[in-house]
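Visitor: Structure provided below as structure tokens; questions to follow.
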Amino acid sequence: MNSNTFQDQPGQEHSYRSGSLSATDVSVREQAVTHNIDCIEIGKALGSEALTVWVGDGSNFPGQQDFTRSFDRYLDSTASIYAALPDSWRMLLEHKMFEPAFYSTVISDWGSSLMAAQELGPKAQCLVDLGHHAPNVNIEQIVARLHRVGKLGGFHFNDSKYGDDDLDSGSINPHQLFLIFNELAEAQERSPETFNPAYMIDQSHNVTDPIESLLSSAEAIVSAFAKAALIDREALHAAQEANDPMLAFQALRAAYRVDVSPLVAMVRLEAGGAIDWLSAYRQSAWRERKARERKPVSLGAGIV
Ligand SMILES: [Mn+2]
């Protein structure tokens, strides 16, 4: 379940114009907490086991907001949500550096997210959206760090050229995706009993059929996973211990170079899918059929 306290909804009593879970006005905070608890209730009915919380709370001017008090208010609100969380659920805290706030954001980075998750308790973990960092940040290292402290909750996969672009996975930087999966393979090998990240896709498809984009993204994600699984981890670790950077890099490169598309297509076929998913999807005329069955709904742009 994803809560939404970053967009005002019709009929809502208080506006989130000045923040939601960290707002100075207690009635705004209470409304945002109630909304999150409502999301938990809906999630229970749907069989969900996690609540993702992303807030756009932040500021646009130096001095506009007290960094400490706003963080304290966020923690106070999220503690109330955490208390309503079923024992089997996780609360995934999603950080984002900027947008809609362009000077400071309350949960701006993995450091703030980790602090909050640690303070809330074991059911709270961090969610990594690939587009929510400063340009060129080493996301794969963040993945390793979060796993190290048991706080790697999950991902919003997408790709990015400039900021939170929500482009299709693997369309800009497939090597970064591979390096992230290398860390995931490493993490799974190190502690298989606690390795359980939630994999989600958070993309905005503006010029493609969203279903085609999701199929393409799923293939990119599975391919990165397959390549990471091919890494000779023993050789990699030996090169790392021997301080041989080129040999270590070549251990990664050897796996990255492999064309895994026949393997991925075969696995898809065995699972009942199509080898050529694009032509199979288009030939099925699924979109045309569903367009006749369903009423059109207009959705606003997403920034989560
Ligand atoms: Mn996201």
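Visitor: Counting trypsin sites (Lys or Arg not before Pro) as exposed when in a DSSP loop with at most 14 other beta carbons within 10 Å, what is the longest stretch of the chain free of them?
Guide: The longest such stretch corresponds to 18-160.
Visitor: Which angle between 0 and 90 degrees, to the nearest 10, do you get for helix 139-148 versus the longest principal axis of the chain when only C-alpha atoms count?
Guide: Taking the Cα atoms of the chain, the angle to 139-148 is about 80 degrees.
Visitor: Suppose a student asked you for the relative contact order of segment 180-278, using Cα pairs under 8 Å spaced at least 6 residues apart; what percent would you report?
Guide: Once divided by the residue count of segment 180-278, the mean separation gives 26 percent.
Visitor: Further question on the same structure: Considering the options Gly56, Pro122, Ala226, tell which one lies farthest towards the positive end of the dipole of the chain, charges being +1 on Lys and Arg and -1 on Asp and Glu at the Cβ, about the Cα centre.
Guide: Ala226
Visitor: Which one of Pro262, Pro210, Pro122 has the biggest mean-square fluctuation once the chain is modelled by GNM with Cα springs under 10 Å?
Guide: Sorting by GNM fluctuation, first place goes to Pro262.
Visitor: Given the options Pro210, Met246, Met91, identify the residue whose Cα lies farthest towards the positive end of the charge dipole of the chain (+1 on Cβ of Lys, Arg; -1 on Cβ of Asp, Glu).
Guide: Looking along the dipole axis, the top candidate is Pro210.
Visitor: Before rounding to the nearest 500, sum -39500 (n - 2.57) across all DSSP H runs of length at least 4 in the chain and divide by the residue total; then give [θ] at 222 nm in deg cm²/dmol.
Guide: My calculation for the chain gives -15000 deg cm²/dmol from helical runs alone.
Visitor: Can you compute the charge dipole magnitude of the chain about its Cα centre, using +1 on each Lys and Arg Cβ and -1 on each Asp and Glu Cβ, nothing else charged? Give it in debye, rounded to the nearest 20.
Guide: Dipole magnitude for the chain comes out near 460 debye.
Visitor: Starting from the Kirkwood Rh over alpha-carbon pairs, what translational D in µm² s⁻¹ does the chain have by Stokes-Einstein at 37 °C and 0.692 mPa s?
Guide: 156 µm²/s
Visitor: Here's something else I'd like to know. Put a dot 7 Å past each Cα toward the Cβ at Asp8 and His175; how far apart are the dots in nm?
Guide: According to this spin-label approximation, the distance is 4.6 nm.
Visitor: HN-Hα J couplings of segment 100-109 from phi, Karplus 6.51/-1.76/1.60, θ = phi - 60°, integer Hz, Gly and Pro as x?
Guide: x, 8, 10, 10, 9, 10, 4, 10, 8, 8
Visitor: Tell me, what HN-Hα J-couplings in whole Hz come from the Karplus equation 6.51 cos²θ - 1.76 cosθ + 1.60 at θ = phi - 60° for each residue of segment 271-276, using x for Gly and Pro?
Guide: 8, x, x, 9, 5, 9
Visitor: Quote the charge dipole size of segment 1-90 about the Cα centre in Debye, to the nearest 20; the model charges only the Cβ of Lys and Arg (+1) and of Asp and Glu (-1). All intermediate terms of the calculation are to be shown ahead of the outcome.
Guide: Values: 6 positive and 12 negative charges, 31 e Å.
Dipole of segment 1-90, to the nearest 20 debye: 140 debye.
Visitor: Continuing with the same structure: Set Lys and Arg Cβ to +1 and Asp and Glu Cβ to -1, take the dipole of the chain about its Cα centre, and tell me which of Ala291, Tyr82, Val26 lies farthest positive.
Guide: Ala291
Visitor: Using 7 Å Cα-to-Cβ label points, what is the Gln188/Ala235 separation (nm, one decimal)?
Guide: For the pair Gln188/Ala235, the computed spacing is 2.0 nm.
Visitor: With a cut-off of 20 Å, note down the residues of segment 62-99 whose backbone N falls inside the zone around a label point 7 Å from the Cα of Tyr199 toward its beta carbon.
Guide: What the label zone holds, given the 20 Å backbone N cut-off, is 90, 92-93.
Visitor: Over segment 1-127, with every protein chain in place, what whole percent of the accessible area is carbon and sulfur at 1.4 Å, could you tell me?
Guide: Taking all protein chains in place, segment 1-127 shows 52 percent carbon and sulfur surface.
Visitor: Turning to a different aspect of this structure: Over the chain, what is the mean sequence separation of C-alpha contacts under 8 Å (at least six apart), divided by residue count, expressed as relative contact order in percent?
Guide: 11 percent
Visitor: While we're looking at this one, here's another question. Per residue, how much space in cubic angstrom lies within the convex hull of the C-alpha atoms of segment 148-197?
Guide: Spread over its residues, the Cα hull of segment 148-197 gives 81 Å³ apiece.
Visitor: Tell me the per residue accessible area of the chain using a 1.4 Å probe; a whole number in Å² is fine.
Guide: Ligands and nucleic acids excluded, the result is 54 Å² per residue.
Visitor: When the chain is fully extended, how far beyond the present Cα-Cα distance does Glu293 get from Glu270, taking 0.36 nm per residue of separation?
Guide: 5.3 nm
Visitor: Separate question: For segment 72-83, in order, what is each residue's ³J(HN,Hα) by Karplus, 6.51 cos²θ - 1.76 cosθ + 1.60 with θ = phi - 60°, in whole Hz (x at glycine and Pro)?
Guide: These are the phi-based 3J(HN,Hα) values: 4, 5, 4, 5, 5, 5, 5, 5, 5, 5, 4, 5 Hz.
Visitor: Next question, about the same structure. Can you pull out the GluC sites (Glu not before Pro) in segment 141-224 that DSSP calls coil and that have at most 11 other Cβ atoms within 10 Å?
Guide: Qualifying residues, ordered by number: Glu193.
Visitor: Then there's this: Antiparallel versus total DSSP beta bridges in the chain: what percent is that, nearest 5?
Guide: 15 percent
Visitor: On full extension of the chain, what length is gained from Asp244 through Ser48, given 0.36 nm per residue of separation minus the C-alpha to C-alpha distance?
Guide: My answer for the length gained is 66.0 nm.
Visitor: Taking amide hydrogens as modeled 1.01 Å from N in the peptide plane, which residues meet the under 5 Å criterion relative to Ile201, leaving out close sequence neighbours?
Guide: When sequence neighbours closer than 5 places are left aside, the close amide H contacts are Phe157.
Visitor: Hey, what's the Cα Rg ratio for segment 70-141 versus the globular rule of thumb, 2.2 N^0.38 Å? Don't skip to the answer; put the middle values down first.
Guide: Details: Rg = 12.7 Å, N = 72, 2.2 N^0.38 = 11.2 Å.
Against the empirical 2.2 N^0.38 Å value, I get 1.14 for segment 70-141.
Visitor: Loop-only GluC sites (Glu not before Pro) in segment 1-85, please: DSSP not H, G, I, E or B, and at most 10 other Cβ atoms within 10 Å.
Guide: The qualifying sites are Glu13.
The values are calculated or read from the model by the stated rules, or taken from the named source; none is laboratory data. No experiment lies behind these values; they were computed from the predicted model shown. Reconstructed Cβ throughout: ideal geometry from the backbone, glycine too, with neighbour counts over all protein chains shown. Only protein heavy atoms, including side chains, enter the accessible area calculation; ligands, DNA and RNA are left aside. Shrake-Rupley method; radii C 1.70, N 1.55, O 1.52, S 1.80 Å.
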